1. Would you check if Ile205 is at pLDDT 95 or above and within 16 Å of the ligand (Cβ to nearest atom)?
2. Residues of segment 146-157 being open to solvent by 30 Å² or more (accessible area, probe 1.4 Å) and either more than 14 Å from the ligand (Cβ to nearest atom) or part of a loop (DSSP other than H, G, I, E, B) (or both), which ones?
3. Does Ser105 satisfy the criteria of being open to solvent by 30 Å² or more (accessible area, probe 1.4 Å), part of a loop (DSSP other than H, G, I, E, B) and either more than 10 Å from the ligand (Cβ to nearest atom) or modelled with pLDDT of 90 or more (or both)?
4. Among all residue pairs at least 6 apart or on different chains, which show Cβ distances below 9 Å where the first residue, located in segment 117-143, is free of Cβ contacts under 8 Å to residues at least 40 places away in the same chain and more than 12 Å from Arg166 (Cα to Cα) and the second is more than 6 Å from the ligand (Cβ to nearest atom) and part of a loop (DSSP other than H, G, I, E, B)?
5. Contact list please: Cβ distance under 8 Å, first residue in segment 50-69 and closer than 16 Å to Glu125 by Cβ and in a loop (DSSP other than H, G, I, E, B), second residue among the polar types (S, T, N, Q) and near the ligand (Cβ under 8 Å from one of its atoms), pairs at least six apart or on different chains.
6. Just checking, how many residues over segment 158-181 are closer than 22 Å to Lys7 by Cα and either open to solvent by less than 30 Å² (accessible area, probe 1.4 Å) or away from the ligand (no atom under 13 Å from the Cβ) (or both)?
7. Tell me the residue from Leu115, Leu135, Leu143 that is modelled with pLDDT of 95 or more and more than 10 Å from the ligand (Cβ to nearest atom), please.
8. Which numbered condition in (1) surrounded by fewer than 21 Cβ atoms within 10 Å (Cβ to Cβ); (2) over 17 Å from Gln59 (Cβ atoms) is the only one that Tyr189 fails?
Amino acid sequence: YIFGKKKATEVAHSVWRHIVQNGDILVDATCGNGYDTLAMVKMVADKPSTGRVYAMDIQKAALESTSYLLDESLDSDELVFGCPKDAKYMIVMRICMPNLSGITSHSGGKGLVELFAICHSRMEEVVPKGIPVRLVAFNLGYLPGGDKATITKSETTLQALEAAKRMLAPGGLISLVVYVGHPGGREEYEAVQAFASGLPVENWICCKLQMLNRSSAPILVLLLNR
Ligand code: SAM
């Protein structure tokens, strides 16, 4: 992967596939255009069980985009919205945004993904308590193709990382794709790195994947709870 043409996000998805197990709860802390959420939903749907994805973003455009992508991508015989009797799995999206119109909402049956319009520092408010979370994924920065001023910030990213740490199951993973090429990106990366460096070695395996000959390439940070 390091020497191939894969993007940091694709490498991250490959790592997630090794971590996600039957019935797992996954959190997408920055759903953006929905590509990470979609990858997670497919991982959960692959394993028919009680698994679920909780995805969030602070901007309406991102939630609309994620909703659209899920709608477009999962409408097949195996992964369907709605409730045909013979469907192998059913995807139900509960959109938790009372003030947001224009997003398709599906309800009933076994929910595999829920979208929330909140800051990720508040993730504990939307993920049911007491359910161990296997994966919390962050893809930091701004929405590609969207408003570049709405961006993740070190302070709330660190609060979200503390929340993720509290929620994570043993054997769980916090995955971050961190961008350093935009204003504030390098500082946010340093804050993430300081957080990771401070985790006790008895409980955490912390590593990063960084291109040494492309200084502005995104960095994949992986924090595995032993
Ligand atoms: N994971 C996305 C995908 O697969 O398309 C890309 C995410 S994009 C790089 C970063 C996202 O973080 C943006 O959509 C932005 O709105 C969101 N964001 C910024 N600050 C946030 C916060 N405090 N809480 C949750 N999301 C936030």
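1. Values: at pLDDT 95 or above: yes; within 16 Å of the ligand (Cβ to nearest atom): no.
So Ile205 fails the test.
2. As a first pass, look at segment 146-157 and keep what is open to solvent by 30 Å² or more (accessible area, probe 1.4 Å): 146-151, 153-156.
Correct list: Gly146, Asp147, Lys148, Ala149, Thr150, Lys153.
3. Working: open to solvent by 30 Å² or more (accessible area, probe 1.4 Å): yes; part of a loop (DSSP other than H, G, I, E, B): yes; either more than 10 Å from the ligand (Cβ to nearest atom) or modelled with pLDDT of 90 or more (or both): yes.
The answer is yes for Ser105.
4. Qualifying pairs under 9 Å: Glu125/Ile118.
5. Listed pairs, sorted by first residue: Asp57/Thr30; Asp57/Thr66; Ile58/Thr150.
6. Residues in segment 158-181 being closer than 22 Å to Lys7 by Cα and either open to solvent by less than 30 Å² (accessible area, probe 1.4 Å) or away from the ligand (no atom under 13 Å from the Cβ) (or both): 7 in total.
7. Details: Leu115 fails: modelled with pLDDT of 95 or more; Leu143 fails: more than 10 Å from the ligand (Cβ to nearest atom).
From the options Leu115, Leu135, Leu143, the qualifying one is Leu135.
8. The failed condition is (1).
The values are calculated or read from the model by the stated rules, or taken from the named source; none is laboratory data. This one's a predicted model, so the numbers in the text were calculated from it and none came from an experiment. Glycine gets a Cβ as well: all are built from the backbone with ideal geometry, and neighbour counts include every protein chain shown. The accessibility values were calculated without ligands, DNA or RNA, using every heavy atom of the protein model including side chains. Shrake-Rupley method; radii C 1.70, N 1.55, O 1.52, S 1.80 Å.
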